[in-house]
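Here's the structure, in structure tokens; my notes come after.
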Amino acid sequence: MTDIKLSRRMQAVADMVALSGCNLKVADIGCDHAYVSIYLKKKGIAENVIAMDVRKGPIDIARNNVQDYGLTDYIDVRMSDGFESLIPGEAQAAVIAGMGGLLMVDIIRRGGEHLNRDIELILQPQSDIDKVREYIYEIGYVIADEEMLIDEGKYYTVIRAVRGTASDRPNEVELLYGPMLLSKRSEVLKRYLLYEREKLEEIKGRLEAYDTEKSLSRKKELEREFEMIQEALARYS
């Protein structure tokens with residue numbers, strides 16, 4: 001088989017796993033077709049992988065892909081709702097990627113036995129990223145690293161969370177845009193902030209023609225969003 005090629009988004013996820021070390025025991029939750037699982041094993045990042053998905057279709061394709069790459073001794077494909085089919089201590093790191101942030105929080109919440117064993121979390125939420133960040137700190141984890149990238153015109157964020165105590169909890173702006181991204185002055189984040197600011201200004205301009213209660217309420221919301229973007233951009237000064 002040829003070397004496996006990942007999308008930029010999934011490559012960023014795999015690269016974040018690599019920061020945890022090599023020859024890891026990894027759980028790939030919501031593995032889809034198991035491309036990340038296969039990549040992690042072939043590159044020596046993972047010693048073995050438990051690739052899990054709640055849907056039968058992707059599981060069947062994942063099993064075929066793992067077999068085609070000759071990795072059935074190293075990648076165990078299982079039907080699982082979140083952490084359900086994973087034995088506590090069976091993995092040192094868990095990849096949870098490509099799903100909504102609220103679903104991700106629910107999966108992590110139901111995986112308490114694994115969190116008690118300090119499993120590392122590699123997360124790529126598609127929405128509600130601030131809620132994911134907030135929950136990370138609520139459960140006694142901290143954000144060790146974050147990366148933001150653009151893949152096919154869309155912005156994505158990948159987070160690595162580990163057990164630890166934060167000296168300072170992130171504020172509202174940091175939860176929205178990422179404490180590590182702001183600390184590193186991520187150029188991709190800056191581009192995103194400028195893009196979002198321009199969109200807000202356009203919407204505010206259109207609302208100027210209206211004076212209804214609903215439009216006034218929306219203007220206040222936009223002003224608050226604008227203030228937070230400005231506060232984030234101030235970190236780049």
Per-region count, the range 45-60, residues part of a helix (DSSP H, G or I) and closer than 20 Å to Asp73 by Cβ | 2
So, in the range 1-16, of the ones that are farther than 15 Å from Gly98 by Cα and hydrophobic (A, V, I, L, M, F, W, C), which residue ends up surrounded by the most Cβ atoms within 10 Å (Cβ to Cβ)?
-> Ile4
Of those in the range 191-209 that are in contact with a Lys or Arg (Cβ under 9 Å, 6 or more places away or on another chain) and surrounded by 11 or more Cβ atoms within 10 Å (Cβ to Cβ), the residue modelled with the highest pLDDT is Ile203
Tell me, please, whether a residue that is of a type in the set (Gly, Ala, Ser), in a strand (DSSP E or B) and surrounded by 19 or more Cβ atoms within 10 Å (Cβ to Cβ) can be found in the range 17-34.
-> yes
Does Ala27 satisfy being without any contact (Cβ under 8 Å) to a residue 40 or more places away in the chain, within 26 Å of Thr157 (Cβ to Cβ) and among the small types (Gly, Ala, Ser)?
-> no
Single residue of the range 192-237 satisfying the filter (of a type in the set (Phe, Trp, Tyr) and without any contact (Cβ under 8 Å) to a residue 24 or more places away in the chain) that is farthest from Leu181 (Cα to Cα) | Tyr210
In the range 78-93, is there at least one residue being touching an Asp or Glu at 6+ places or on another chain (Cβ under 9 Å) and assigned to a helix (DSSP H, G or I)?
-> no
Please work out which residue is surrounded by the most Cβ atoms within 10 Å (Cβ to Cβ), limiting yourself to the range 113-152 and to residues that are basic (Lys, Arg) and modelled with pLDDT of 95 or more.
-> Arg133
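The values are calculated or read from the model by the stated rules, or taken from the named source; none is laboratory data. Every value quoted in this text rests on a predicted model; they were computed, and no experiment measured them. Methodologically, a virtual Cβ is constructed for each residue, glycine included, from the backbone with ideal geometry; neighbour enumeration extends over all protein chains shown.
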